[in-house]
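Data first, discussion second: the structure below is written as structure tokens.
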Amino acid sequence: MGALFLAGRWPCQALRFPQAGTEGPCQWWTDTCISRDTVTSRPELGVPHPQSRHRRGKRKMSNPASELERPGTNSSNRQAWGQDGRGGGGGAGAAVVDTYEYDDSEEIRKKGCWYKFSTFVSRIWATRQMTKREDREVYVRTTLRELLVYAIFLVDLCIITFGMTSPTMYYYTKVLSELFLDAPYPDTKNTFRGSTQVLDFWRFSENILLDGLYWEHWYDVSATDTTKDDRNILYENRLLGVPRIRQLRVHNKSCEIPPDFQRVIRQCYSEYSPTSEDHAEFSPNGENTTAWKYFSEKQLNGSVHWGKIAHYSGAGSYVDLGSNRTTTKNILAELRDKLWIQRGTRAVFYDFTVYNANINLFCVIKLVFEFPATGGVIPSWEFRTVKLLRYVTPNDFFVLACECIFVFFILYYIIEEAIEIKALKWSYFKSTWNILDLLVIAISLLCIGFNVFCFFTISSKLQELLEDPNIFADFEFLGYWQIQFNNAVAVCVFFAWFKLFKYISFNKTMTQLSSTLSRCAMDIAGFAIMFFIVFFAFAQLGYLLFGTQVRDFRKFMDAVFTLLRTILGDFNFHEIEEANRVLGPIFFICYVFFVYFVLLNMFLAIINDTYSEVKIEIANQRNEFEIADYFKRGYNNMMGKLGRRDKIVDIQNALKLSDSNGDGMLTFDEIRTNLKKCNFSDMEIEMFFAKYDTDGNRLLEQDEVRRMLSDLEGQKVELEKQIKNEDRPSSAKASGESETRPASASSGHGSITSVSFEEFSVLQRRVDRLEHSIGSIVSKIDAVLVKLDHMEKHKHKRKETMSKLLDTITENDDMDDTTKRKRVEQMVRDELDKWDGDSSPMSHK
């Protein structure tokens, strides 16, 4: 196949003639001594000139001398097309193909604008599910187009999400949280995080809170007063409105006192629940202010808060603090003196919002003190850093443009999914990828709608909240829903990245993950039942044994997550041991042994075994035309324009595209159709097919196809080695042959152009190989001529013998018939013995 594959790079070197008895990588093709150039320039083979193919209509190709069968299909010429690929006799010299018709595609007539537009639209929304899988080239092209469009969509979505957040948001939250949560109390050096009693609440309120909210002096020694406009938290963050403190209480007798204690204990305040809220006024002096009255959640326009102990409603009694330190200090002092915090108090909230114009970020802060029924204080907090004003800087408007593109993509995918549902009906919903497509579209529509809602709501809400700086600015609603919007976008991006597997799984190597999981799903489901029975048994055991003493086991769900962390190596054995010195170590050892060493390794074994099976199946699958082959062919077409086309790649891709029905067998028509697209001549296709069609049924079975592909791959490797050896100059040879280099090669005379030594060496080696090959051919031709001369002599002797026999019969007319017959038979036997004696030396030769 050397002439066929190397004609694009070395047309003159394509004809190579190995010596007799040797077999090189191009042996099976070069022995026929026919290349594309020789085929088109030999009219005696019955092959028309390539230019004649541009004529319209049908044309038959046949041998003008006679109608011969395809080489290799008849037993008489099987030797000429055997495994050794050697042409023998006159049948091989003709190299004739069957008469078959081929249609040259006519020039596509021009269509109207509507035809072009409709074709363009149909191609835009074409998907793999609506494309015939048999046509692998169209299937791959459609997959690449879908992958490219989806990659642009994914990049656009990532730009939007990264435009919504930045590392600055983390540092902003960190600075504000450290200001209020980590500042030590003056007397105990405790912090907000470590608050454990009611006194810690007042220490925080009268010191840390006031110092953090009101920056009325500069940092100099004389404590210069700041201007009213510069009274910002940390000098940079403007406090929007005034802070608010709110309290939730439960009423007395909200729990049942046992009869044995009813004489001693007359008051009982249960844990918090919305039904046990105290709606009565609790002022000691009958004051009618908001600090001592109950307001419903609707009146306060509040929302539910999820604390560490319970879910708290947005109702309660509240006080709006002042806009300066002195006013707020007096309000807090009054509340403390009148015992605003009592036994029925279950939660106290500090709410305020700050804005940093330098980075255009809001931070909605909620500091919570929970007062459980057990006594003491449990602090918690919530810092929501959000970007409510979305479009301010040029980068923000670039994100806005990306959001408009995102809306366009969503409309595009809505139309695409609608077309698929119309075409596939109910079978559309059987695919997991289609369900994922609908999920991504639904979440995207939700995000688009919420973004539009926030854009119009925030602008009006800001004007309303900032009209009076002396009232509480409640940004909790906006901050909460902005966080939910960010969460929805994050989920959308997560599923969008997973959807990428839908397109890259076209390659059989990329299907290993999905194939492994789908194959072992039933085994994992059965194993999961057994695993969770054992796991939940240990979780309940740990909750009952250590729930009263170990924080990680205080709730059943906490115990579940603690045991999951133990599987990953995150555990605290000493806490378990201190909680129960006997059962603690026994629990730990049994759990590690059964769950970690036994069950977890069984789970991994199931996946490993399934993965091995999938790997074997993928290795045994037939090679199909894939995305990598599509790019290889495109690269090969580009290199073909530069005269460096790799014919082996063309043939390999054509073979992968030929098996349209997926039966693993290739017919001559299938191979011919795809090789004609690669500009191979009919003679080359016929000779290529005849090489591997050993049984002559014009059908390449699986073993024949496998042998063909392996031969092509081996030839490709050998040719690459030859190209490297011929193109790479050797410095050692150059220095060794520099003395024998001709002077004319190193210097020019007159207008003669000099030739480099590397080019001269390559040409010299090629000429040597050509002379060696021609010498071998000449010797073979001489041997054939000698044999022909010997055969001619024997033919002449046979004629003379036959003449003698005839003369003997005619001359001896006086003999009887019996004597004549005996004499003729004796002469024939003598002549046959003589022929046998003469043919023996020929056979030895």
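Values in this text are rule-based calculations from the coordinates and carry no lab data. The model shown is predicted, which means the values in this text are computed figures rather than measured ones. Backbone-built Cβ (ideal geometry, glycine too); neighbour counts: all protein chains shown.
Out of curiosity, is ILE414 without any contact (Cβ under 8 Å) to a residue 60 or more places away in the chain and either under 30 Å from GLU271 (Cα atoms) or touching a helix residue (DSSP H, G or I) at 6+ places or on another chain (Cβ under 9 Å) (or both)?
Working: without any contact (Cβ under 8 Å) to a residue 60 or more places away in the chain: yes; either under 30 Å from GLU271 (Cα atoms) or touching a helix residue (DSSP H, G or I) at 6+ places or on another chain (Cβ under 9 Å) (or both): yes.
Considered against the rule, which asks whether it is without any contact (Cβ under 8 Å) to a residue 60 or more places away in the chain and either under 30 Å from GLU271 (Cα atoms) or touching a helix residue (DSSP H, G or I) at 6+ places or on another chain (Cβ under 9 Å) (or both), ILE414 comes out as yes.
The set of residues in the range 253-295 that are surrounded by fewer than 11 Cβ atoms within 10 Å (Cβ to Cβ) and among the basic types (Lys, Arg) comprises ARG263, ARG266. For the condition touching a Lys or Arg at 6+ places or on another chain (Cβ under 8 Å), closer than 30 Å to ASN572 by Cα and part of a helix (DSSP H, G or I), TYR480 does not qualify.
For the range 452-476, residues that are touching a residue at least 60 places away in the same chain (Cβ under 8 Å), crowded, with 16+ Cβ neighbours inside 10 Å and either among the polar types (S, T, N, Q) or part of a helix (DSSP H, G or I) (or both) total 5. Filtering the range 240-273 to residues that are of a type outside the set (A, V, I, L, M, F, W, C), under 20 Å from ALA310 (Cα atoms) and outside any loop (DSSP other than H, G, I, E, B) leaves ARG246, GLN247, ARG249. Within the range 350-375, the set of residues being more than 48 Å from the chain's Cα centre (by Cα) and either more than 25 Å from SER270 (Cα to Cα) or buried (at least 23 other Cβ atoms within 10 Å of the Cβ) (or both) comprises PHE369, PHE371. Check ALA423 against each of (1) surrounded by 12 or more Cβ atoms within 10 Å (Cβ to Cβ); (2) closer than 17 Å to TYR391 by Cα and name the one condition it does not meet. Exception for ALA423: condition (2). Against the conditions (1) under 14 Å from TYR350 (Cα atoms); (2) aliphatic (A, V, I, L, M); (3) within 59 Å of the chain's Cα centre (by Cα), LEU332 satisfies every one except (3).
What number of residues within the range 547-575 are within 33 Å of the chain's Cα centre (by Cα), touching a residue at least 24 places away in the same chain (Cβ under 8 Å) and assigned to a loop (DSSP other than H, G, I, E, B)?
Applying the first criterion (within 33 Å of the chain's Cα centre (by Cα)) to the range 547-575 yields 561, 564-570.
From what's left, touching a residue at least 24 places away in the same chain (Cβ under 8 Å): 566-567.
Filter again for assigned to a loop (DSSP other than H, G, I, E, B), leaving none.
Count: 0.
Condition check: under 26 Å from the mean Cα position of the chain (by Cα) and surrounded by 12 or more Cβ atoms within 10 Å (Cβ to Cβ). Does CYS402 satisfy that?
Working: under 26 Å from the mean Cα position of the chain (by Cα): yes; surrounded by 12 or more Cβ atoms within 10 Å (Cβ to Cβ): yes.
Yes, satisfied.
Among the residues of the range 192-220, those that are within 21 Å of ALA347 (Cα to Cα) and surrounded by fewer than 19 Cβ atoms within 10 Å (Cβ to Cβ) comprise ARG193, GLY194, THR196, GLN197, VAL198, LEU199, TRP202, GLU206, ASN207, LEU210.
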